[in-house]
1. If only one of R213, R220 is open to solvent by 30 Å² or more (accessible area, probe 1.4 Å) and within 14 Å of the chain's Cα centre (by Cα), which one is it?
2. Take V79 and tell me if it is of a type outside the set (G, A, S), within 16 Å of ligand 1 (Cβ to nearest atom) and out of contact with any Leu (no Cβ under 6 Å at 6 or more places or on another chain).
3. Taking N14 as meeting all but one of (1) over 30 Å from M148 (Cα atoms); (2) open to solvent by less than 70 Å² (accessible area, probe 1.4 Å); (3) more than 16 Å from ligand 1 (Cβ to nearest atom), write down the number of the exception.
4. Do we have L160 as over 19 Å from K194 (Cα atoms) and either open to solvent by 10 Å² or more (accessible area, probe 1.4 Å) or part of a loop (DSSP other than H, G, I, E, B) (or both) here?
5. So which residues in the range 22-52 are within 13 Å of ligand 2 (Cβ to nearest atom) and either more than 16 Å from E226 (Cβ to Cβ) or aromatic (F, W, Y) (or both)?
6. If you go through the range 59-83 one residue at a time, how many are of a type in the set (S, T, N, Q) and within 16 Å of ligand 2 (Cβ to nearest atom)?
Amino acid sequence: MTQAATNTAISVRNVSHSFGEADEARHVKALLDTSLDVTRGELLCLIGPSGCGKSTLLNVMGGLIAPTTGTVMVGDKPVHGPMPNDIAFIFQENALFPWSTIHENMILGMSFQGVPKAERADRAQRALEAVGLDEFAGHYPSQLSGGMRQRAALARALSLETNILLMDEPFGALDEQTRMVLGEDLSVLLSRSKKTIVFVTHSLGEAVFLADRVAVFSARPGTIKEIITVDEPHPRKSAFMTSARFHQQRDQLYDLLHDEIRKSMAQSGKPKRAYEDQSSRAGPAA
Ligand SMILES: Nc1ncnc2c1ncn2[C@@H]1O[C@H](COP(=O)(O)OP(=O)(O)O)[C@@H](O)[C@H]1O
Ligand SMILES: [Mg+2]
């Protein structure tokens with residue numbers, strides 16, 4: 001195996017995906033001939049207009065959707081379905097069971113994924129400590145704030161001890177301050193764990209703050225238009241958010257996205273979900 005191959009956690013080659021191929025009226029080309037390598041230990045953000053295929057690509061990477069054409073490799077294994085030993089998912093709606101405590105939710109998550117029974121309690125403890133929730137193990141989801149519930153969802157994913165985390169707008173439903181703090185925590189986690197993370201966001205600020213690289217999508221059918229590198233070590237500090245370089249890179253992303261958002265709006269005939277950074281380019285990051 002070459003050096004390049006061993007450094008690659010996920011390799012996406014010429015992936016296209018269409019939904020509803022059999023039905024002409026409902027046929028949607030979501031992804032078009034997309035190729036991308038995710039490097040081991042990096043946090044790669046996917047950003048692009050709403051509906052451009054970010055979630056589709058993430059789900060293809062994790063084996064939840066079989067692409068219409070093209071291939072995905074995780075390490076040296078071709079992806080043909082979910083790979084619970086290699087990949088854990090975190091979604092915006094984290095679906096913790098409301099009738100179970102945080103600890104019980106984690107044990108359940110591990111049992112679904114086949115983690116040996118003897119290891120579950122230790123792993124739950126370690127993962128809750130990693131996200132600073134160990135004192136809340138006995139609480140029910142309804143007793144926690146939205147930010148804490150998302151932390152619990154992160155802990156549940158961490159307890160699976162996969163090398164790869166695929167996160168689809170995980171902080172999308174949270175307020176701006178909470179997502180900034182969770183972003184800082186995720187950066188600390190990344191610096192300690194060396195996990196490989198692919199993170200979908202519609203926030204330009206969140207992308208620059210978290211990512212080692214940001215892949216910018218074109219309008220649908222989505223493909224990667226450009227990749228920018230954010231050269232700042234983890235753990236990232238809040239001071240990075242107020243630096244000139246941060247603002248310059250966020251503006252660069254905005255410039256790359258602007259035309260794609262217009263194209264995407266023209267396709268749908270009505271405005272898509274607004275980019276919060278569009279109206280407050282000089283404001284605080286989110
Ligand atoms: N299960 C599905 N069936 C039909 N169309 C879908 C399905 N999932 C997504 N799409 C369509 O594919 C396109 C890309 O969707 P998605 O990957 O969810 O976009 P994003 O995450 O970038 O907002 C959109 O036009 C969406 O409506
Ligand atoms: Mg999506």
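The values are calculated or read from the model by the stated rules, or taken from the named source; none is laboratory data. Please read all numbers here as calculations on a predicted model, not as lab measurements. Don't worry about glycine lacking a Cβ; one is built from the backbone with ideal geometry, like all the others, and counts go over all protein chains shown. Please note that ligands, DNA and RNA were not included when accessible areas were found on the heavy atoms of the full protein model with its side chains. Shrake-Rupley method; radii C 1.70, N 1.55, O 1.52, S 1.80 Å.
1. Only one candidate qualifies: R213.
2. no
3. Against the list (1) over 30 Å from M148 (Cα atoms); (2) open to solvent by less than 70 Å² (accessible area, probe 1.4 Å); (3) more than 16 Å from ligand 1 (Cβ to nearest atom), N14 comes up short only on (2).
4. On the way: over 19 Å from K194 (Cα atoms): no; either open to solvent by 10 Å² or more (accessible area, probe 1.4 Å) or part of a loop (DSSP other than H, G, I, E, B) (or both): yes.
Taking the combined requirement at face value, the residue does not satisfy it.
5. A30, L31, S50, G51
6. Going residue by residue through the range 59-83, those that are of a type in the set (S, T, N, Q) are 59, 68-69, 71.
Narrowing further to those that are within 16 Å of ligand 2 (Cβ to nearest atom): 59.
Here the count works out to 1.
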